[in-house]
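What follows is one structure encoded as structure tokens, with my remarks underneath.
The values are calculated or read from the model by the stated rules, or taken from the named source; none is laboratory data. Worth saying up front: this structure is predicted, and the values here are computed from it rather than measured. Neighbour counts run over all protein chains shown; Cβ positions are idealised from the backbone, glycine included. All accessible areas refer to the heavy atoms of the entire protein, side chains included, with ligands and DNA or RNA removed. Shrake-Rupley method; radii C 1.70, N 1.55, O 1.52, S 1.80 Å.
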Amino acid sequence: MKLPSDVRFADEKIKEAFYKLENGDDQERELFKLIDQAMNNIEQNAFCGIQIAKKQIPKTYVQNYNITNLWKYDLPKGWRIIYSIARDEVIVVSLI
């Protein structure tokens with residue numbers, strides 16, 4: 001099943017960190033492009049990541065963002081996007 005979605009950031013710090021990569025050094029710009037492509041993929045299908053078991057959701061994510069599900073999208077070189085699905089919206093919780 002595919003779920004087209006709008007991607008938004010859980011808070012301003014995450015959004016600022018993402019856009020800061022765009023003007024960084026070569027590695028940061030490469031990471032920006034990888035994350036941007038991943039977010040496009042997630043927008044097309046919110047279920048394209050790997051679902052994380054509910055018991056493994058960090059309590060801080062539940063308290064700070066009131067999420068009930070968590071997904072992981074793997075990127076090259078050990079990077080990953082952690083996100084949650086809420087109705088027709090994807091909330092990016094962290095970029096690791």
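Before moving on, here are some points about what is shown:
- All conditions in (1) under 12 Å from the mean Cα position of the chain (by Cα); (2) surrounded by fewer than 12 Cβ atoms within 10 Å (Cβ to Cβ); (3) not charged (D, E, K, R) hold for residue 7, with the sole exception of (2).
- Tallying residues that are modelled with pLDDT of 90 or more and over 17 Å from residue 18 (Cβ atoms) within region 79-96 yields 1.
- Against the conditions (1) in contact with an Asp or Glu (Cβ under 8 Å, 6 or more places away or on another chain); (2) in a loop (DSSP other than H, G, I, E, B); (3) over 15 Å from residue 91 (Cα atoms), residue 3 satisfies every one except (3).
- Subset of region 60-71 (residues that are open to solvent by 60 Å² or more (accessible area, probe 1.4 Å) and either assigned to a loop (DSSP other than H, G, I, E, B) or modelled with pLDDT of 95 or more (or both)): 66, 68
- Pairs, first at negative phi in region 53-66, second of a type in the set (Ser, Thr, Tyr) and at pLDDT below 95, C-beta under 7 Å, six or more apart: 65/84
- Scanning region 72-88 for residues that are exposed (fewer than 13 other Cβ atoms within 10 Å of the Cβ) and part of a strand (DSSP E or B) returns a single hit, 74.
- Some residue of region 12-29 being open to solvent by 50 Å² or more (accessible area, probe 1.4 Å) and small (Gly, Ala, Ser): yes
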